[in-house]
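Here's the structure, in structure tokens; my notes come after.
The values are calculated or read from the model by the stated rules, or taken from the named source; none is laboratory data. Predicted model only: the values in this text are computed from it and were never measured. So basically every Cβ, Gly included, is an ideal-geometry build from the backbone, and we count neighbours across all protein chains shown. Each accessible area value is taken on the protein alone, full model and side chains, heavy atoms only, with ligands, DNA and RNA left out. Shrake-Rupley method; radii C 1.70, N 1.55, O 1.52, S 1.80 Å.
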Amino acid sequence: MARQVPLGVLLSGGGTNLQAIIDAIEARRLDAEIRVVVSNRESAYGLTRAKNHSLATEVLDHKKFTSREAYDEALVALLGARGVELVVLAGFMRLLSPVLVKAYSNRIMNIHPALLPAFPGLHGQKQAVEHGVRFAGCTVHFVNEECDQGPIIVQAVVPAFPDDTEETLAARILKQEHVIYPRAIQLYSEGRLRVEGRRVLIDGLERDDAPALVNPPAKAKT
Ligand code: GRF
């Protein structure tokens, strides 16, 4: 049996990405085991999803800590006690301090709802709609000390349309998040990711010369 990489999933909200990871593990598409799901918010629905699958959960309320560093020290201790190797941020609405980033160097992944390095920070989908881009998407990347700027692992592209709202675009992007996050974790689990400078090299990747995407597409005249 393949190695099951021990994960710690951190979230603050609904946890649909957590669900996609759970589903991929249960379908044996992802060689990983979730050791703990941690939330800074007790009310996060993601905790219920975890409990529905008998996963261990912890609430670490940031309001009970005097500094970001103190919070992250508690997180590092908690993750260490559970034997977590890879930290998976799945809608965790907190900036990480160097305490956590250094403890898990190149072992923290995040998913961002935009094609980084475009539209970092909050509300990537809204930024994309307001900017009038023709393509949007999502990015799984390793986390470094600069917000949303770590080495990119996998991206998915979706078209954006003139009548999109933040909500319609976000829904289209979210579907792809659920595809690429388990895939990125599986690449890690297989030991195929190498970080070199700001790039992630993937071992054993077959090059796929897919056709270029154009939006709006040229339509044949009738
Ligand atoms: C997603 O849009 C993700 O890209 C962002 O936070 C959101 C989390 O959604 N980082 P969910 O809680 O996984 O449904």
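Here is how the numbers come out for the structure above:
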quantity	calculated
Accessible surface of the range 25-95 [probe 1.4 Å, protein heavy atoms]: carbon and sulfur percent	46
Heavy-atom accessible area ranking, 1.4 Å probe, most first, across GLU130, GLU58	GLU130, GLU58
Where the range 23-95 is the region considered: accessible area per residue in Å², 1.4 Å probe	53
Highest to lowest packing among 155-163, 95-103, 202-210, 6-14, scored as the average C-beta count within 10 Å	6-14, 95-103, 155-163, 202-210
Rounded percent of accessible protein surface that carbon and sulfur make up, the range 99-189, 1.4 Å probe	56
Surface accessible to a 1.4 Å probe, per residue, for the residues of the range 126-222, Å²	64
The range 170-222 - Rg and Dmax from Cα coordinates, angstrom	16.4, 51
Tilt relative to the chain, helix 16-26 - C-alpha long axis, 0 to 90 degrees, to 10	80
Cα-based helix-to-principal-axis angle, 166-189 vs the chain, degrees rounded to 10	60
Point-charge dipole on Cβ atoms (K/R +1, D/E -1) for the chain, about Cα centre, debye to 20	160
